[in-house]
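Structure first, then comments.
The values are calculated or read from the model by the stated rules, or taken from the named source; none is laboratory data. For clarity, every value in this text was computed on a predicted model and none was experimentally measured. Cβ placement follows ideal geometry from the backbone for every residue including glycine, while neighbour counts extend to all protein chains displayed. What goes into the accessible areas is simple: the full protein's heavy atoms, side chains included, and nothing from ligands, DNA or RNA. Shrake-Rupley method; radii C 1.70, N 1.55, O 1.52, S 1.80 Å.
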Amino acid sequence: MRSLIFSKGPALHSSRYLIHHQSSSIVEDEHDPFSLVADELSLLGNKLRAMVVAEVPKLASAAEYFFKMGVEGKRFRPTVLLLMSTALNLPIHEAPPPIEIGGTLTTDVRLRQQRIAEITEMIHVASLLHDDVLDDADTRRGIGSLNFVMGNKLAVLAGDFLLSRACVALASLKNTEVVSLLAKVVEHLVTGETMQMTTTSDQRCSMEYYMQKTYYKTASLISNSCKAIAILAGQTAEVAMLAFEYGKNLGLAFQLIDDVLDFTGTSASLGKGSLSDIRHGIVTAPILFAMEEFPQLRAIVDEGFENPANVDLALEYLGKSRGIQRTRELAVEHANLAAAAIDSLPENDDEDVRKSRKALIDLTHRVITRTK
């Protein structure tokens, strides 16, 4: 396996990024990141519902299941991408070629970037539908999962349908580099899920393997989508890499906190059953850190968690360890790296650009202080 890309990086020079996970309040003068793009998010929701219309009624109702009003989810990824679009509103050397959107030729960069947000959300939802089949899940976003309501076959086909629609939208951008980036994301999603399903004993107990899998399953989508936003804006390779680094580290921090919440959250607040990972035999960061303190936990992990007594034993060791705390600390490190990437973007005095960058940094705080 190639070397990991999760080094801690240089020490951060600004106290601005010393984010403390114990704090749950947001600085009062921060703009709410979601409100800054609320109008665009509403339009995006309408576009997504139009994009997933299918000829066969059963497929149509399955494909739109998580795009209906009220169950769209937090729209976290589109929010990040729309904010990144404004944050990278920098002078460019060459206008992009025109593309056709909605039957009209346009060179509007913002419309192209909105299309990336739509594609990303479709890929994300498709991955959720497929994951729920693989995990035999019965709930998602507080309601019955699609596989539970309509069956595994239709859930798989609905996910495939969303991926095909995402591909059509991606092709319309007529940018081979962006197409390649998002195609790689789909490959990463499959690779990450396969890594999770086919681990050896040593791989299950390896933090390096776990972080690589986490990048593939969670962070690749947002990092490569952020990079696509920069590429469509005609930005330099350096700016595109900073956008990628922001997305990668935000995605990793998000998943690490998800791992914590799987142990500390409640079913109602998470929208899924608490302890779902360990009950499915998935070993995540808190258990891996606990294993470093209590090597005897390895034998329990190797035996598996089909026996509820093993789950209880693992939780007992976790409670005695710093596993939860160290996972939070690692999430904070990645959140700080994400914030530092935004701070490293070329200076810009435009008020909207500054607000969006501030909101992106605020999101790094929200990710590590969230409770659901």
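Taking into account only those residues within segment 48-73 that are at pLDDT 75 or above, open to solvent by 40 Å² or more (accessible area, probe 1.4 Å) and in a loop (DSSP other than H, G, I, E, B), which is farthest from Gly144 (Cα to Cα)? Taking the candidates together, the pick is Glu55.
Using the structure shown, decide if Leu363 is aliphatic (A, V, I, L, M), in a helix (DSSP H, G or I) and open to solvent by 30 Å² or more (accessible area, probe 1.4 Å). Full working, then the answer.
Values: aliphatic (A, V, I, L, M): yes; in a helix (DSSP H, G or I): yes; open to solvent by 30 Å² or more (accessible area, probe 1.4 Å): no.
When the stated conditions are applied, Leu363 does not pass them.
Assessment of segment 207-214 against the conditions (closer than 25 Å to Ala63 by Cα and assigned to a helix (DSSP H, G or I)) yields no matching residue.
Among the residues of segment 131-173, those that are in contact with a Ser or Thr (Cβ under 7 Å, 6 or more places away or on another chain), in a loop (DSSP other than H, G, I, E, B) and either hydrophobic (A, V, I, L, M, F, W, C) or surrounded by 17 or more Cβ atoms within 10 Å (Cβ to Cβ) (or both) comprise Ala137, Ser145. The numbered conditions (1) without any contact (Cβ under 8 Å) to a residue 40 or more places away in the chain; (2) within 20 Å of Phe244 (Cβ to Cβ) are all true for Thr364 except (1). If you go through segment 107-129 and keep only what is within 17 Å of the chain's Cα centre (by Cα) and among the hydrophobic types (A, V, I, L, M, F, W, C), you end up with Ile116, Ala117, Ile119, Met122, Ile123, Val125, Ala126, Leu128, Leu129.
Residues checked against (1) touching a helix residue (DSSP H, G or I) at 6+ places or on another chain (Cβ under 8 Å); (2) of a type in the set (D, E, K, R); (3) open to solvent by 30 Å² or more (accessible area, probe 1.4 Å); (4) touching a residue at least 24 places away in the same chain (Cβ under 8 Å):
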site: Leu182; (1), (2), (3), (4): yes, no, no, yes
site: Glu187; (1), (2), (3), (4): no, yes, yes, no
site: Thr191; (1), (2), (3), (4): yes, no, yes, yes
site: Thr199; (1), (2), (3), (4): yes, no, yes, no
site: Tyr209; (1), (2), (3), (4): yes, no, no, yes
site: Thr214; (1), (2), (3), (4): yes, no, no, yes
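Can you find a residue that is touching a Gly at 6+ places or on another chain (Cβ under 7 Å), open to solvent by less than 10 Å² (accessible area, probe 1.4 Å), part of a helix (DSSP H, G or I) and of a type in the set (Gly, Ala, Ser) anywhere in segment 326-340? Taking every residue of segment 326-340 in turn, none turns out to be touching a Gly at 6+ places or on another chain (Cβ under 7 Å), open to solvent by less than 10 Å² (accessible area, probe 1.4 Å), part of a helix (DSSP H, G or I) and of a type in the set (Gly, Ala, Ser).
Of all residues in segment 321-348, none that is free of Cβ contacts under 8 Å to residues at least 12 places away in the same chain has its Cβ atom under 8 Å from the Cβ atom of a residue that is charged (D, E, K, R) and open to solvent by less than 20 Å² (accessible area, probe 1.4 Å), 6 or more apart or on another chain.
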